[in-house]
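Here is the structure we will look at, set down as structure tokens.
Just so you know, all these numbers are worked out from the coordinates, no wet-lab data involved. These numbers were taken from a predicted model, which means no experiment stands behind them. Cβ coordinates were reconstructed from backbone atoms using ideal geometry, including for glycine residues, and neighbour counts include every protein chain displayed.
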Amino acid sequence: MQLIIFIAASVALLGAGLALGWILSTRIGQGRLRDARALADDIATQARDEAAALKKTAGLEARDEWRREREPLDREIESSRKTLRELETKLHDREQQLDRKVDVFESKERTLLKLEEEIATRELTIVNEEARAQEQETVHLQRMEELAGMSREEVLAMLIRGQEERARRVAARKVREISDNAIANANREAKEIICRSIQRFAGELALESTVSVVTLPSDEMKGRIIGRDGRNIRSLDMVTGVEVIVDDTPGIVMLSSFDPLRREIARNTLEKLIVDGRIHPGRIEEVYEKALEDVEDLIRESGSKAAFDLGIHDLAEPLLELLGKLCFRTSYGQNLLAHSKEVGLLAGMMAEELGMNANVARRAGLLHDISKALDHELGSDPTQSSTALAMKCGESEEVVEVIETHDQDTPRRRALAVLVEAADAISSGRPGAHKEKVEEYIRRLKQIEKIALSHPGVDSAYALQNGREVRVLVDSTTVDDVYTEQLADEVTEALEEGVGQSGHIKVSVIREVRAIHIAR
């Protein structure tokens, strides 16, 4: 019984132990399972974090790679867009240009149509006029036949004889010109001897009055001044109105003209062209315009310096400009600006010795010949006299009265007028001051130019070669090739009647056609 109880107890204990072991093992397994699950959760969380970090890193790397790959494409696309915009702008500009050209062409077409209509109308008018003229000619011939008792053939013969007579006169004139040229060539050596003899006596005066010398850096510059086929030197002659003399004398070129102002402008133009080095007809005209401005500045500077040398500081600006122009004027070969300064200084010194107003004396002496700076014949316009100019520019009553005494030869009302007259006589009466032949020579050249300018269609005229040639520049829009020959004959006849001198004058009529267009 005890054994059974023992066995039963053993079995119970064994069962309890087994149950306790199973419970313990279950709890241990559950704890391990929980630990495994926690570890798995930690591993999963870490894996998820690493996966998220890797994903984020991969995304950043992919974005950077995408950006690196995209930047060249973006630049290429931007360049393409820029190119397209430029092409679009160019196409727009071309479209506008084409529109303007179309408008111009349409305007020209309308103009041409209008011209065609006008030409057709004129042709019809000319035909009618010709028919009317023929009728009138027939009527006139019949009346002439009735009045003169001559037939039509006799009238035509008379007209032909008149034309033949005119042709004979022209031929005789040409023969005389050829004869004069032959005599000139035959006497060349004798003239050279005479010129050398005259230069010993009047070299300084001739150079001062009619010739300016321009120094060249090298003799090669002479060829550039002449230009191909002489086009540069012809352009210089026509633009400046001064004869450019290029001879065998080394290192110099001479400018010959009776007008000192014109010669100074030509000298300034040529010196600028030599320094610039670009010598061609277009550049010559540009530099000539600049030289005109420089000479105007020189005129103002010369007038201001003359007034400053005499201690005059409040002279009106128009009088200063006229004083500067006196630098390029002569009276019987004497420079008028130097003469006026001499008169002012002499009158001032005499006034100081006599205890009179030296400032007024110097001022009146400087301005006594101021009207000679103007381009007009003395006495032709009273409003342009020295007295009127001084009064207009606000000079004092004393100065105006002294100038009026000298200018109009009125009775002397002031003692200063006597001093100015005496100073003028001293300055102009000293030995070598006056050269009447030079003044007469200049007056003759001006007369030649004036006669040539009096004909219609003439733009400008320049007397060259000591009055042996006159170049006449005509307006190509009003003078055609046919009228050019007739104009040369008319100028020649006018010179023969108006100048009345021995020898010959070569008349060169130049008609230049210029086509000027503006590119847009």
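Provide the FRET efficiency to the nearest 0.05 for the THR111-GLN136 pair, computing r from the beta carbons and using R0 = 35 Å. It comes out at approximately 0.50. Here LYS56 is the anchor, and the aspartates and glutamates within straight C-alpha reach of less than 20 Å, apart from those fewer than 8 places off in the same chain, are ASP64, GLU65, GLU69. Structure note, pairs LYS325/LYS450; LYS272/LYS372; LYS272/LYS325; LYS290/LYS506: Cα-Cα distances above 26 angstrom occur for LYS272/LYS372; LYS290/LYS506. Among TYR483, TYR288, the ranking by other beta carbons within 10 Å of each residue's beta carbon, starting with the fewest, stands as TYR483, TYR288.
Between ASP93 and HIS455, the simple spin-label model (points 7 angstrom out along Cα→Cβ) gives 5.1 nm. In summary, the lysines within cross-link reach of LYS90, defined as a Cα separation below 21 angstrom excluding same-chain residues under 8 places away, comprise LYS82, LYS101.
What is the magnitude of the charge dipole of region 1-114 about its Cα centre, with +1 placed on the Cβ of each Lys and Arg, -1 on the Cβ of each Asp and Glu, and no other charges, expressed in debye to the nearest 20? Working shown, then result.
On the way: 22 positive and 21 negative charges, 34 e Å.
For this selection, approximately 160 debye.
Taking 0.36 nm per residue of sequence separation and removing the Cα-Cα distance, the SER25/LEU73 pair yields an extension gain of 10.4 nm. Scoring 24-32, 489-497, 298-306, 322-330 by mean Cβ neighbours within 10 Å over their residues and listing the highest first yields 322-330, 298-306, 489-497, 24-32.
Provide the FRET efficiency to the nearest 0.05 for the ILE7-ASP41 pair, computing r from the beta carbons and using R0 = 51 Å. For R0 = 51 Å, the calculated efficiency reads 0.55. Amide hydrogen proximity for GLU469: with H placed 1.01 Å from N in the peptide plane, the residues at 5 or more positions away or on another chain lying under 5 Å are LEU464, LYS506.
Remark: region 77-82, residue by residue, has Karplus-estimated 3J(HN,Hα) of 5, 5, 4, 5, 5, 4 Hz, where x stands for each Gly or Pro and the curve is 6.51 cos²θ - 1.76 cosθ + 1.60 at θ = phi - 60°. Here the residues LYS290, LYS222, ranked from fewest to most Cβ neighbours within 10 Å of their Cβ, fall in the order LYS290, LYS222.
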